[in-house]
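What follows is a single structure, written as structure tokens, with notes after it.
Where a number appears in this text, it was derived from the coordinates with a stated rule and is not lab data. Computed from a prediction, not measured in an experiment: that's the story for all the values here. Cβ sites come from the backbone with ideal geometry, for glycine too, and all protein chains shown count toward neighbours.
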Amino acid sequence: MGNRRRVAERRNSRRPVVIGGVIAAVVAGAGVGAWALSAGGTDAGDDARTTAAGKNVKTGPLSATEVTTAAERFLTAWQRGEVAEAAAATDATAAAKALLTSYTEDARIEDVTLTPGTRSGDKVPFSVKATVVYEDVRKALAYDSSLTVVRRDGDGEPRVGFTPAVVHPDLGEGDKLVTGEAGTPPVKAVDRDGGEITTAKYPSLGTVLDGLREKYGEKAGGRAGIELRVVRGKESKAKKLSDKTLLELSEGTPGTVKTTLDPQLQALAEEQVAATEKASVVLTRASTGEILAVANSGHGFNTAFQGSLAPGSTMKVVTSSLLIEKGLASADKAHPCPKYFTYGGWKFQNDDKFSIKGGTFKASFARSCNTAFISQAGKLSDDALTQQAQEVFGLGMNNWAIGVPTFDGSVPVQSDAQKAASLIGQGGVRMNPLNMASVAATVKSGTFHQPYLVAPSVDDRELATASRTMSAGTLSQLRELMAYTADYGTAAEAMAGVGGDAGAKTGSAEVDGQKKPNGWFTAYRDDLAAAGVVQAGGHGGETAGPIVAALLKAGG
């Protein structure tokens, strides 16, 4: 009862939001006060329109006063614990009220102080300082968030556009914050040499550690502690996002989970992606499937394992294996590469509209000629590429068990123009660096080995398998194509100096609304296979290529 009494007292406190050292005056739960004077910008006059029912609806850009007033009303009410008033200041009253109530009752967060930053257009950043209280344990909580003011549907009144991320940036739809005894004990993840894996050492691995805890926390023999964590809802679980610890109030006893990560290669992967925005990379051992390194320059979503992106021309590795098996292409035989090719009502072209006259399939592969592949679409069944990806490369069946959540690729059955686009890694085809590293590994080793981060012997799980392998002739030609591309094709510059038994393929995947394509690169060297993507980076040979090549060189 003591805790609930303290919460009630704090809810009734009348502390206003403190903005830039100035106390903002709040009258009747709203008002601009001193904040509007310090927010910057000038007021634009409100536009308005009249509905058929004669109701005046505000329209047009929001003025500085409207933004600051709406934001101040929301933040001040939230800080005071006036949940209903704060929710009413948003465009989603019911959702806001439920989450803000949970913020106090489930997350047990008290003494909230919200400090707005400098407004930028309709967006207002703010910092949160509070205390998490569980029985007799108290711990400070601090984080940054932001809100955006919008015009409410119906009347155009300025309101805070409510999403769970306003309350905490790690929250998605259906997620909530909970403080209590963790349902899952913590784990101490270690690399292949026994060294502890931490986010301080490897910033990319936060989501990986969350996944390892979810999978192995109870099996590893640890004991749960008290913590504030994000508990995922249906939408986040559908995206394979794990619960996330935000604050540890009392330590649990971790169990130990050994991974296949190589500490030197992981450190290098972190270093490589840190220099490039939106970069992701995975390095595996081709003969076993062991994951030696994984890194993302953005430390939130794990694009390397869970991304779902069009792989562009790196998919031509899979398509080439299909065409060779079907007798529709052969490495050293003549193959058409026109400037344009129309199929299914779409006119396809090559990058810079080039063509190759009298060239071989190997030349088309090395230069990444789109029309060389599109021209064969009419000779293939709608499900041919789907079957090849599943049966030979183990892709698209959602059955990989690497030790943490993954997206295992998707090659849907398509027809007409979409079928043709799939042959060059566009259309409905979706992959991530883990998938494409596995493709390179399959070519190098000759058979699909499901990648894994935790050895299957740890929990007796079964790894996914492919139903068949490529013929020796097909495999030999595919290796010849990738080796030639690494030596003389679009991958040559990035692969210079890699040495050994090496092969590669570049890719550029067009994305609607992006000025530059996503740059892809997949390659192998001896018993190593890797793939990377740089989103909106441009050509894969220039962006993802150097990242992949650096890891292949270091792991030799």
Quiz item: Computed from the mean reciprocal separation of all distinct C-alpha pairs, what Kirkwood hydrodynamic radius does region 96-188 have, in Å?
Solution: 14.9 Å
Quiz item: What FRET efficiency do you get for residue 98 and residue 398 if R0 is 30 Å and r is their Cβ-Cβ distance, rounded to the nearest 0.05?
Solution: 0.40
Quiz item: In region 340-418, which trypsin sites (Lys or Arg not before Pro) are in a loop and have at most 12 other Cβ atoms within 10 Å, using DSSP for the loop call?
Solution: 357
Self-check item: Segment residue 267-residue 223, extension gain: residue separation times 0.36 nm, minus the distance between their alpha carbons
Solution: 12.9 nm
Quiz item: What is the chain's relative contact order, in percent, from Cα pairs under 8 angstrom and six or more apart in sequence?
Solution: 10 percent
Quiz item: Which cross-chain or sequence-distant (5 or more) residues have an amide H under 5 Å from the amide H of residue 246, H modelled 1.01 Å from N in plane?
Solution: 228, 229, 230
Exercise. Rounded to the nearest 0.05, what FRET efficiency do residue 256 and residue 137 give with R0 = 22 Å and r taken as the Cβ-Cβ distance? Could you check?
Key: 0.25
Quiz item: Taking Cα centroids, how far is region 302-330 from region 469-503 in Å?
Solution: 14 Å
Self-check item: Estimated inter-spin distance, residue 200 and residue 476, nm [label 7 Å along Cα→Cβ]
Solution: 5.6 nm
Quiz item: For region 254-394, what relative contact order do you get, as a whole percent, if you take Cα pairs closer than 8 Å and at least 6 residues apart?
Solution: 17 percent
Quiz item: Which part of region 145-165 falls in the paramagnetic zone of residue 235, meaning amide N under 18 Å from the point 7 Å along Cα-to-beta-carbon?
Solution: 146-150, 153, 160-165
Quiz item: To one decimal place, what orientation-averaged projected area in nm² is obtained for the convex hull of the Cα set of region 187-257?
Solution: 5.1 nm²
Quiz prompt | Where the Cα pairs of the chain fall when distances are cut into 10 Å bins, in % | solution = 4, 16, 22, 19, 17, 13, 7, 1, 0
Practice problem: Could you state the angle between the C-alpha long axis of helix 263-274 and the longest principal axis of the C-alpha atoms of the chain, as a value from 0 to 90 degrees rounded to the nearest 10? | Solution: 70 degrees
Quiz item: In percent, what relative contact order does region 187-257 have, based on Cα pairs under 8 Å that are 6 or more apart in sequence?
Solution: 40 percent
Practice problem: With everything on Cα atoms, drop me the angle between helix 384-393 and the longest principal axis of the chain, reported from 0 to 90° to the nearest 10. | Solution: 90 degrees
Exercise. Considering the convex hull of the alpha carbon atoms of region 264-554, report its projected area averaged over all viewing directions, in nm², one decimal.
Key: 13.7 nm²
Exercise. Report, to the nearest 10°, how far helix 64-80 tilts away from the longest principal axis of the Cα atoms in the chain, using its own Cα long axis and a range of 0 to 90°.
Key: 70 degrees
Quiz prompt | Contour minus Cα-Cα distance for residue 351 and residue 301 (0.36 nm per residue) | solution = 14.9 nm
Quiz item: Roughly speaking, what is the centre-to-centre gap between region 87-123 and region 428-449 when only Cα atoms are used, to the nearest Å?
Solution: 44 Å
Quiz item: Hey, with R₀ at 30 Å, roughly what FRET efficiency would residue 113 and residue 274 work out to, going by the Cβ-Cβ distance, to 0.05?
Solution: 0.35
Self-check item: Pairwise label distance in nanometres, residue 105 with residue 192, each label 7 Å out on the Cα-Cβ vector
Solution: 5.1 nm
Quiz item: Of all the stretches in the chain, which is the longest one without any exposed loop site, taking chymotrypsin sites (Phe, Trp or Tyr not before Pro) in a DSSP loop (any state but H, G, I, E, B) with at most 15 other Cβ atoms within 10 Å?
Solution: 1-300
Quiz prompt | Sorted by Cβ density within 10 Å, fewest first, the residues 90, 131 | solution = 131, 90
Quiz prompt | Restraint check, 237/505; 234/347; 240/339; 129/516; 58/123, Cα-Cα greater than 30 Å | solution = 237/505; 234/347; 240/339; 129/516
Quiz item: Relative to the present Cα-Cα distance, how much length would full extension add between residue 333 and residue 553 at 0.36 nm per residue of separation?
Solution: 76.0 nm
Exercise. Kindly work out what percent of the DSSP beta bridges joining two residues of region 187-257 are antiparallel, to the nearest 5.
Key: 70 percent
Exercise. Return, ordered by residue number, the residues of region 320-334 whose backbone nitrogen is under 17 Å from a label point located 7 Å along Cα→Cβ of residue 381.
Key: 322-328
